[in-house]
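Working notes for the structure below.
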Amino acid sequence: MAVNDTLEGTHKIIEEAREQQPRINPLAPTVNDFNQELTTLNLGPTHPATHGIFQNILQMDGERIISGVPTIGYIHRAFEKIAERRPFYQITPLTDRMNYCSSPINNMGWHMTVEKLLGVEVPKRAQYMRVILMELARITDHLICNGILGVDTGAFTGFLYLMDEREKVYEIYEEVSGARLTTNMGRVGGMERDFTPVALQKLRTWLKTFPAVMQEFEKMFNRNRIFMDRVVDVGGISAERALNYGFTGPNLRAAGVDYDVRVMNPYSSYQDFDFEIPVGTKGDTYDRFMVRNEEIWQSLRIINQALENLPEGPYHADAPHYYLPPKQAVYKNMEALIYHFKIVMGEIEAPVGEVYHSVEGGNGELGFYLVSDGGRTPYRLHFRRPCFIYYQAYTEMVVGQTLSDAIVTLSSMNVIAGELDA
Amino acid sequence: MAEQNESIPAQEQAAAQDPAAQKNAQLLALLHRLFGADAFTDVEEPYGLLTATTTRERIHDIIAGLQQDQELQLNFLTTMCGMHWPEKEGQELGMVYHLHSLVHNVRLRLKIFFPIADPVVPTLTDLYSTANWMEREAFDFFGIIFPGHPNLIRILNVEDMDYHPMRREYALEDGTREDKTDLFFGR
């Protein structure tokens, strides 16, 4: 039953959880010993361990959580409403600001949705470039998540190692697009510009040096006794419940379901690459951590293959009505100037139709449901944000566990407040 | 003999050319068999995704039936969202459901429309836990009411807001303010 965000519902869940799970210290006092004196604890809205701005009102029995009510919406920016008044290009910056740990994936997902609506065919080289950038984004997303999971268990070193690597990936983004965090790097029909030699050089250097750091990070954590004591059997969810909750991405795969949008509905040439889908067994925090680590290795495999087989040719489609012309051409060429003006002023008229397109985001299936009534702006745009979908399971996952378990569960779920609230 | 041998791969090729259309045809046949052909109107396939419109009286039974169906196992609720078409009289508000069979990789989009004066839709929280927040979101944005929902309160906006901001009549800026216009915020 989906009654977890009412107190009555969670009381029922805790009763069941208690029967199944033995207390850590059987001699510790129980609820009845204290005449059910409970503590209400506000975890968040602003707390370093909540990784963003959302609140959990927890009812505590000593150190154990017996129920919780999550409150979100603190950074809600009404992206769906704003998108109804903006032409397609002006929506790109909005998508950047959803999951800001992997903004290229959001970007590309949005552009692919528009391309599907407009019927624009993207050349192979641009598709491979997108794959490289999306996998880099996935790696940085997982690096942040796993690095901070280390911090939340008291291990700061791993975080420093990984942040350093993330900075190097950001330098690659900077070479490709000029921006580091909110990259805005795709265009309808392909990429804004080709990879520069410097960007390729930086990428190749990083691909050589990163595996050693990653190995060291894994050595530090994977079989670390203290770390495992904190995360094994913590915040678990069964495959059945995870599916019922609509989990996707690493959180679902940790529970043992090998659903990956890249394999099931390949987009942007993912069918050309050879990679595996790591799955866990128990769906606990440790499984989520390990699945993300393994996905980083798989992403590296994909990037290496894409870089090796990067096709020659144009990096954008020949679609002057939709693709922004190069700036140099705008200065010299009348047609380019006209198209530039029309695109920037939002004169592109889209066909009537509705599209659902999804990509495998850093933490699950990121879907765009776009309804067009033939105007210059979407009539309705709905984002299927994976964080929004699975944060509602948080209460069920932490009830019956201790407060410190709740912290690591939250960080291993990789809840990004920007995407949650959109 | 040789002709036969050649014709079989040709058929397979033709079927393989559009596997999505074939899957959609199978799915539609299943839907008609389970719920009757009269349950669905406006059946179309925009961009390869089977879309059908049904009524709010039937939507709960249909989604429950699809969840339990062993043949197609359409048991993953990808997303649901509300929408508002003010010019469609008597059908101003709508809900759109995206379902997915992870086993057979088939997607289905179901839609329902109903009058804005009576925005009541059966809840899916008894079938899918994930429907909980999605329905709260639809309530918050569009004012769609889901009887039977365990906790139907606003989710992303503040509690004391007295309107549903995603309805088309509300301007992009704060709908209650009169000192600002929409003039300079997009077109």
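The values are calculated or read from the model by the stated rules, or taken from the named source; none is laboratory data. Computed from a predicted structure; not experimentally measured. Please note: Cβ atoms are built from the backbone with ideal geometry, for glycine as well, and neighbour counts cover all protein chains shown. Note: accessible area is taken over every heavy atom of the protein model, side chains too, but ligands, DNA and RNA are not part of it. Shrake-Rupley method; radii C 1.70, N 1.55, O 1.52, S 1.80 Å.
Mind checking which residues of region A:302-350 are touching a strand residue (DSSP E or B) at 6+ places or on another chain (Cβ under 7 Å) and closer than 30 Å to B:Asp42 by Cα?
A:Ala350
Which members of region A:262-277 meet the condition of being under 23 Å from A:Asn106 (Cβ atoms) and not small (Gly, Ala, Ser)?
A:Arg262, A:Val263, A:Met264, A:Asn265, A:Pro266, A:Tyr267, A:Tyr270, A:Gln271, A:Asp272, A:Phe273, A:Phe275, A:Ile277, listed by residue number.
Assuming A:Tyr74 fulfils every condition listed in (1) more than 9 Å from chain B (Cβ to nearest Cβ); (2) outside any loop (DSSP other than H, G, I, E, B) apart from one, which condition is it?
Failed condition: (2).
For residues that are in contact with a strand residue (DSSP E or B) (Cβ under 8 Å, 6 or more places away or on another chain) and within 11 Å of chain B (Cβ to nearest Cβ), scanning just region A:94-122, find the one that is nearest to A:Met134 (Cα to Cα).
Once the filter is applied, the top-ranked residue is A:Thr113.
Do we have any residue at all in region B:111-120 that's outside any loop (DSSP other than H, G, I, E, B), more than 9 Å from every other protein chain (Cβ to nearest Cβ), open to solvent by 10 Å² or more (accessible area, probe 1.4 Å) and farther than 20 Å from A:Arg380 by Cα? Don't jump to the end; show me each part of the working.
To start, the set of residues in region B:111-120 that are outside any loop (DSSP other than H, G, I, E, B) comprises B:111-114, B:120.
Next, only the ones that are more than 9 Å from every other protein chain (Cβ to nearest Cβ) stay: B:111-114, B:120.
Imposing the further condition that a residue be open to solvent by 10 Å² or more (accessible area, probe 1.4 Å) reduces the set to B:111, B:113, B:120.
Those left that are additionally farther than 20 Å from A:Arg380 by Cα: B:120.
Checked region B:111-120: at least one residue is outside any loop (DSSP other than H, G, I, E, B), more than 9 Å from every other protein chain (Cβ to nearest Cβ), open to solvent by 10 Å² or more (accessible area, probe 1.4 Å) and farther than 20 Å from A:Arg380 by Cα.
Mind checking which residues of region A:186-203 are more than 18 Å from A:Ala329 (Cα to Cα) and open to solvent by 60 Å² or more (accessible area, probe 1.4 Å)?
Within region A:186-203, A:Pro197, A:Val198, A:Gln201, A:Lys202 meet the criteria.
Please determine, by comparing only the residues of region A:357-395 that are polar (S, T, N, Q) and in a strand (DSSP E or B), which one is farthest from the other protein chains (Cβ to nearest Cβ).
The selected residue is A:Ser372.
Select from region A:55-71 the residues that are charged (D, E, K, R) and assigned to a strand (DSSP E or B) and list them in ascending order.
Matches in region A:55-71: A:Asp61, A:Arg64.
Would you confirm, using the coordinates I've provided, whether A:Val131 is surrounded by fewer than 18 Cβ atoms within 10 Å (Cβ to Cβ) and of a type outside the set (D, E, K, R)?
Considered against the rule, which asks whether it is surrounded by fewer than 18 Cβ atoms within 10 Å (Cβ to Cβ) and of a type outside the set (D, E, K, R), A:Val131 comes out as no.
Can you tell me which residue within region A:232-247, out of those that are over 16 Å from B:Leu77 (Cα atoms) and touching a residue at least 60 places away in the same chain (Cβ under 8 Å), is farthest from the other protein chains (Cβ to nearest Cβ)?
Start the filter on region A:232-247 by keeping residues that are over 16 Å from B:Leu77 (Cα atoms), which leaves A:232-238.
Then drop every residue that is not touching a residue at least 60 places away in the same chain (Cβ under 8 Å), which leaves A:234-237.
On the way: A:Val234: 21, A:Gly235: 16, A:Gly236: 16, A:Ile237: 11 Å.
Taking the candidates together, the pick is A:Val234.
List the number of the failed condition for A:Gly154; all other conditions in (1) surrounded by fewer than 24 Cβ atoms within 10 Å (Cβ to Cβ); (2) small (Gly, Ala, Ser); (3) closer than 22 Å to A:Tyr270 by Cβ hold.
Only one criterion in (1) surrounded by fewer than 24 Cβ atoms within 10 Å (Cβ to Cβ); (2) small (Gly, Ala, Ser); (3) closer than 22 Å to A:Tyr270 by Cβ is unmet by A:Gly154, namely (3).
For region A:81-93, how many residues are within 12 Å of chain B (Cβ to nearest Cβ), open to solvent by less than 30 Å² (accessible area, probe 1.4 Å) and under 20 Å from A:Leu118 (Cα atoms)?
Residues meeting the conditions: 5.
Conditions (1) away from every other protein chain (no Cβ under 14 Å); (2) surrounded by 14 or more Cβ atoms within 10 Å (Cβ to Cβ), marked per residue:
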site: A:Asn184; (1), (2): yes, yes
site: A:Thr205; (1), (2): yes, no
site: A:Pro211; (1), (2): yes, no
site: A:Glu216; (1), (2): yes, no
site: A:Arg230; (1), (2): yes, yes
site: A:Gly249; (1), (2): no, yes
site: A:Leu252; (1), (2): no, yes
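Can you confirm whether region A:285-301 contains a residue that is within 18 Å of the chain's Cα centre (by Cα) and free of Cβ contacts under 8 Å to residues at least 24 places away in the same chain?
Scanning region A:285-301 turns up at least one residue that is within 18 Å of the chain's Cα centre (by Cα) and free of Cβ contacts under 8 Å to residues at least 24 places away in the same chain.
I need the full set of residues from region A:46-72 which are surrounded by fewer than 20 Cβ atoms within 10 Å (Cβ to Cβ) and either modelled with pLDDT of 90 or more or closer than 22 Å to B:Met134 by Cβ (or both), in order please.
A:Ile53, A:Gln55, A:Ile57, A:Val69, A:Thr71
Of the residues A:Asn35, A:Asn25, only one is open to solvent by 20 Å² or more (accessible area, probe 1.4 Å), at pLDDT below 60, on the phi > 0 side of the Ramachandran plot and away from chain B (no Cβ under 14 Å); which? Steps first, answer last, please.
Values: A:Asn25 fails: on the phi > 0 side of the Ramachandran plot.
That would be A:Asn35, the only listed residue that is open to solvent by 20 Å² or more (accessible area, probe 1.4 Å), at pLDDT below 60, on the phi > 0 side of the Ramachandran plot and away from chain B (no Cβ under 14 Å).
Got at least one residue in region B:90-97 being in a helix (DSSP H, G or I), within 11 Å of chain A (Cβ to nearest Cβ) and touching a residue at least 12 places away in the same chain (Cβ under 8 Å)?
no
Quick check: is even one residue across region A:309-325 in contact with a helix residue (DSSP H, G or I) (Cβ under 6 Å, 6 or more places away or on another chain), farther than 17 Å from A:Phe247 by Cβ and without any contact (Cβ under 8 Å) to a residue 60 or more places away in the chain?
Scanning region A:309-325, I find at least one residue that is in contact with a helix residue (DSSP H, G or I) (Cβ under 6 Å, 6 or more places away or on another chain), farther than 17 Å from A:Phe247 by Cβ and without any contact (Cβ under 8 Å) to a residue 60 or more places away in the chain, so the answer is yes.
Could we say that A:Tyr339 is open to solvent by 10 Å² or more (accessible area, probe 1.4 Å), more than 14 Å from chain B (Cβ to nearest Cβ) and not in a loop (DSSP other than H, G, I, E, B) here?
Criteria met by A:Tyr339.
Conditions first: (1) in contact (Cβ under 8 Å) with a residue 40 or more places away in the chain; (2) among the hydrophobic types (A, V, I, L, M, F, W, C); (3) away from chain B (no Cβ under 14 Å); (4) open to solvent by 10 Å² or more (accessible area, probe 1.4 Å). A:Ala329 passes all but one, so which condition is the exception?
Of (1) in contact (Cβ under 8 Å) with a residue 40 or more places away in the chain; (2) among the hydrophobic types (A, V, I, L, M, F, W, C); (3) away from chain B (no Cβ under 14 Å); (4) open to solvent by 10 Å² or more (accessible area, probe 1.4 Å), only one is false for A:Ala329: (1).
Out of region A:258-289, which residues are within 14 Å of chain B (Cβ to nearest Cβ), open to solvent by less than 40 Å² (accessible area, probe 1.4 Å) and hydrophobic (A, V, I, L, M, F, W, C)?
Within region A:258-289, A:Val261 is the sole residue that qualifies.
Condition check: in contact (Cβ under 8 Å) with a residue 24 or more places away in the chain and open to solvent by less than 10 Å² (accessible area, probe 1.4 Å). Does A:Tyr390 satisfy that?
So A:Tyr390 fits the description; yes.
Which residues, counting only those in region B:33-48, are open to solvent by 50 Å² or more (accessible area, probe 1.4 Å) and out of contact with any helix residue (DSSP H, G or I) (no Cβ under 8 Å at 6 or more places or on another chain)?
Selection gives B:Arg33, B:Ala37, B:Asp38, B:Thr41, B:Asp42, B:Glu44.
Got a sec? Which of A:Thr46, A:Thr40, A:Thr92 is under 30 Å from A:Phe341 (Cα atoms) and β-branched (Val, Ile, Thr)?
A:Thr92
Answer yes if at least one residue in region B:28-45 is within 11 Å of chain A (Cβ to nearest Cβ) and either part of a helix (DSSP H, G or I) or hydroxyl-bearing (Ser, Thr, Tyr) (or both), and no otherwise.
No, region B:28-45 contains no residue that is within 11 Å of chain A (Cβ to nearest Cβ) and either part of a helix (DSSP H, G or I) or hydroxyl-bearing (Ser, Thr, Tyr) (or both).
Can you confirm whether region A:92-108 contains a residue that is over 17 Å from A:Arg262 (Cβ atoms) and basic (Lys, Arg)?
Just the residues of region A:92-108 that are over 17 Å from A:Arg262 (Cβ atoms), to begin with: A:92-98, A:100-101, A:103.
From the residues that got through so far, the ones that are basic (Lys, Arg) too are A:97.
Within region A:92-108, one or more residues are over 17 Å from A:Arg262 (Cβ atoms) and basic (Lys, Arg).
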